[in-house]
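Some notes on the structure that comes next.
The values are calculated or read from the model by the stated rules, or taken from the named source; none is laboratory data. Computed from a predicted model, the values in this text were never measured in an experiment. A quick note on method: Cβ atoms are made from the backbone with ideal geometry, for glycine too, and the neighbour counts reach across all protein chains shown. Ligands, DNA and RNA are stripped out before the accessible areas are found, and what is left, the full protein with its side chains, is counted by its heavy atoms. Shrake-Rupley method; radii C 1.70, N 1.55, O 1.52, S 1.80 Å.
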Amino acid sequence: MPPFPSPHRGAAHEARGGAETVTQGTDGGVRWIRGVRHGAIAPGGGRWPYGPVVAGAVPSRALQSATTHPWSGRMIEVRSVSVLVLLLAVSAACCLGFGFVLQQNAAQQAPLSDFLSPRLLLDLMKMPRWLSGIGLMVAGMILGAVALGKGEISLVEPLLATNLLFAFALSRHQTKHKLSHQGASGLVLLAGGVTAFIVAGQPHGGTAVTDPLRHWLIIGLVVGSALLLTAYAKRSRLIWAPVLLGLAAGLLYGVQDALTRVSSTRFSDGGFGELFTGWHPYGVLVLGVTGLILVQSAFETAPLRMSLPALTAAQPLAGILCGVGFLGDRLRTDTGALAWEAAGLAAVVAGIVLLSLHPAMPRGQAQEQPAQNLQPR
């Protein structure tokens with residue numbers, strides 16, 4: 001008999017009718033439902049040889065759905081989104097967005113001779129505003145890690161992309177610019193695109209891929225693309241370097257989120273012993289430091305509007321690729337759902353572009369500098 005989650009928190013109740021029994025409750029803020037028909041328990045919904053049965057226990061993840069044929073003969077669909085995961089992810093996005101603005105305010109004062117060098121971080125550590133931004137960024141990463149431990153990466157990543165909304169709000173407060181139709185359109189597209197992707201795709205957990213070859217192929221593809229973008233940025237002019245570095249950092253942060261999810265699972269299974277015997281937490285650290293150097297280099301060479309939108313667009317795409325590719329995340333794949341998922345992601349990118357072009361996004365001092373070669377001497 002397949003196991004079901006127990007209602008650790010919240011009430012559970014049963015309703016009987018004829019030969020069917022439906023039991024509902026809550027587990028970690030997620031509603032679950034299980035049913036019995038003719039003595040058979042459904043493991044995940046569907047049909048047994050005995051005929052239609054109610055849906056099985058919904059896994060304790062952030063977004064799930066279940067369909068049931070109760071004794072009345074009517075079909076009921078039960079969907080639930082974990083409020084906790086939503087709050088964690090949006091709070092993480094808020095901290096990240098505010099932190100990025102403060103970091104860029106400080107990084108634009110750093111010397112260009114530190115471009116893509118660890119010395120850049122040492123110089124920035126002397127600036128209180130940058131330290132405040134890093135503190136918010138770390139808080140956002142911690143909240144994001146908790147959200148990834150409780151929900152699918154395909155759900156959390158689009159929510160983290162809303163960090164640009166918070167960065168835009170703080171930048172607008174600093175520059176005193178009006179919202180305008182362009183800014184309103186960007187806000188609606190970004191928020192609406194995230195909502196459309198989540199509602200249409202209904203991200204839910206599945207069986208993770210155990211083949212290490214597939215893991216390394218996907219990770220190698222994403223990290224390799226980031227390295228190529230970084231190499232080209234070193235040889236490019238000032239106008240293109242921040243965009244390329246933002247894309248590269250976003251790709252690395254997407255993989256970092258995937259490894260954070262794996263590390264969280266290992267810690268839940270075996271504590272610190274299980275966590276640190278694998279390579280994943282060390283990969284999280286390396287990717288985090290590398291991504292930080294790329295982001296700060298992008299911030300020091302150009303205004304926020306050049307780098308943050310690229311980072312914001314690349315991170316969820318890389319994270320979703322890893323989630324679906326080897327973490328076992330599942331999305332709806334019928335024609336209508338795929339169309340809405342694609343439209344949602346396209347709306348997210350369009351909203352990011354509109355917000356990046358808004359006058360409220362700070363121009364910074366770097367924009368007035370002449371284009372120059374950033375190849376290290």
Approximate spin-label separation Thr195-Thr175, in nm, with each point projected 7 Å along Cα-to-Cβ: 2.6 nm
Restricting segment 248-355 to chymotrypsin sites (Phe, Trp or Tyr not before Pro) in coil, as DSSP defines it, with at most 16 other Cβ within 10 Å: Trp279
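Placing +1 at every Lys and Arg Cβ and -1 at every Asp and Glu Cβ, with all other atoms neutral, what dipole size does segment 215-330 have around its Cα centre, in debye to the nearest 20?
Numbers: 7 positive and 5 negative charges, 82 e Å.
For this selection, approximately 400 debye.
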Residue among His177, Val262, Ile219 farthest towards the positive dipole end of segment 147-262, charges placed on Cβ: His177
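Leaving out ligands and nucleic acids, note down the accessible area per residue over segment 143-225 with a 1.4 angstrom probe, in whole Å². Present the calculation step by step, with values, prior to reporting the outcome.
Details: 3680 Å² over 83 residues.
Averaged over the residues of segment 143-225, the accessible area is 44 Å².
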Along each principal axis, Cα extent of segment 215-279, largest first, Å: 49, 20, 13
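Could you please put Lys150, Lys126 in sequence from largest to smallest accessible area, using a 1.4 Å probe? Present the calculation step by step, with values, prior to reporting the outcome.
Working: Lys150 95, Lys126 160 Å².
These residues rank, largest area first, as Lys126, Lys150.
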Modelled FRET efficiency - R0 41 Å, Val83 with Gln109, Cβ distances, 0.05 increments: 0.50
Environment charge of Ile293, counting only residues whose C-beta is closer than 13 Å and scoring Lys/Arg +1, Asp/Glu -1: -1
Cα convex hull volume per residue for segment 120-214 (Å³): 165 Å³
Prolate/oblate/rounded label for segment 150-277 (Cα gyration tensor, a/c 1.5): oblate
Along each principal axis, Cα extent of segment 193-247, largest first, Å: 44, 33, 8
Surface accessible to a 1.4 Å probe, Met306 within the full protein complex, Å²: 50 Å²
